Amino acid sequence: MSIAILPLAVFAASQVGTPGPANMALMATGARFGFRAALPFVLGVALGKQLIIWPIGFGLMELAQAAPAVFIALKYISAAYIIWLAWKVANLRLGQGDPAAQAPGFTAGLIVHPLNPKAWAMIVGSFTAFVGPDIPTLTATATVAAVLLACQLVMHPLWTLGGSAIARTVAGTRAEPYLMWTLAGLTVASVLFVLFGGSF
């Protein structure tokens, strides 16, 4: 067997490009602070997934099988954190807030994916569905890491740009609270899907 790179790329693009906690955070940051100010956060989010990919590739899931209760607890703690972020997004108003406030930076972006159940499910699925058992660990992990990072470097800025564009369109209008609640609802829905869909 080998690594099914094209199907992996299609899977990665579909997962990275669809609504989820990270993309909602990127959109909200772009909406609140603008695209340029959000770029360090975008880069942190993209690279933060590497903090999960490499440990999983080198045997973290074997540890999960040995101590399943720890990972179940981590899953629910992570989900609770993401839902709390969704609540913050729901109550965010694009034209309000401290004008001196600064956009979250690179370090803040790094922790988004390690606390994102969708990211864990995506990475585990990448290894189990598209990598043959005969592939050396380093080769498999580097390939998955490169494919996912390439998709993120394309998709994450687009979500951030979308947030910036939305802010220019709906900030201060009657549609704004409904939009923010919709984004928050999509975030919660993505977390619940991972929690109860049998992934991670």
- Task: Within the stretch 1-51, work out how many residues are over 13 Å from Leu148 (Cβ atoms) and part of a helix (DSSP H, G or I).
- Result: 24
- Matching residues in the stretch 74-101 - criterion: being open to solvent by 50 Å² or more (accessible area, probe 1.4 Å) and either modelled with pLDDT of 80 or more or of a type in the set (Gly, Ala, Ser) (or both): Ala80, Trp87, Gly95, Gly97, Ala100
- Message: What's the number of the only condition in (1) modelled with pLDDT under 85; (2) closer than 25 Å to Leu179 by Cβ; (3) not polar (S, T, N, Q) that Met1 fails to meet?
- Response: (2)
- Task: Tell me which of these Phe58 doesn't satisfy, since it passes every other one: (1) under 30 Å from Trp181 (Cβ atoms); (2) open to solvent by 20 Å² or more (accessible area, probe 1.4 Å).
- Result: (1)
- Note on the structure: So, first residue small (Gly, Ala, Ser) in the stretch 129-145, second residue open to solvent by 40 Å² or more (accessible area, probe 1.4 Å) and at pLDDT below 90, Cβ within less than 7 Å, six or more apart or across chains; the pairs are Gly132/Met1; Gly132/Ser2
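The values are calculated or read from the model by the stated rules, or taken from the named source; none is laboratory data. No experiment lies behind these values; they were computed from the predicted model shown. Virtual Cβ from ideal backbone geometry, glycine too; neighbours counted across all protein chains shown. All accessible areas refer to the heavy atoms of the entire protein, side chains included, with ligands and DNA or RNA removed. Shrake-Rupley method; radii C 1.70, N 1.55, O 1.52, S 1.80 Å.
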